[in-house]
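Read through the structure below, which is laid out as structure tokens, and then see the notes.
Laboratory data are not the source of any read-out in this text; all were calculated from the coordinates shown. All values derive from a computational prediction rather than experimental measurement. Cβ atoms come from the backbone with ideal geometry, glycine included; neighbour counts cover every protein chain shown.
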């Protein structure tokens, strides 16, 4: 019996110690936030990137959708955000979510482009610890003049 307890202690305790330690190389979630002046609902040649936009990374458990992790970030002058995550979120669903835009005339979140799914685990075959999120966007309150011309050019390219 004592041998079994000793064997269990030698196997389980190191595993528990490793599980509670932060990762040596943390994940970095990278994404961008843009302003759609034409209200197209997607990226086009008319978009501009927003500096100072706030983004939040949220991870929830799969079953109950209970929030397990949350961290905010802000876009730089190029509209890019970087959020460092020191833990593995293996069994959780993680999303980058738009929080706010510093541009009052471009602060309406684009439906379907207001969040981006991010996989934050090292147990999926991805060798890099940099995780790229899809671009998220806001729309201007009113479409700018000239947007119909841009749309026409895009349609000609599709033909």
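Quick one: Cα centre-to-centre distance for the stretch 58-104 and the stretch 119-144, in angstrom?
10 Å
May I ask you to order 38-49, 116-127 by the average number of other C-beta atoms within 10 Å around their residues, highest value first? Kindly include the intermediate steps, with their values, before the conclusion.
Values: 38-49: 15.7, 116-127: 13.0.
Taking the mean over residues of other Cβ atoms within 10 Å, the ranking is 38-49, 116-127.
In nm, to one decimal, how far is the residue 51 label point from the residue 80 one, both placed 7 Å along Cα→Cβ?
1.5 nm
Over every pair of different alpha-carbon atoms in the stretch 22-150, take the mean of 1/r and invert it; report that Kirkwood radius in Å. Walk me through the numbers before you get to the answer.
Working: mean 1/r = 0.0651 Å⁻¹.
In the stretch 22-150 this quantity evaluates to 15.4 Å.
List the residues of the stretch 117-154 whose backbone N lies under 14 Å from a point placed 7 Å from the Cα of residue 61 along the Cα-to-Cβ direction.
none
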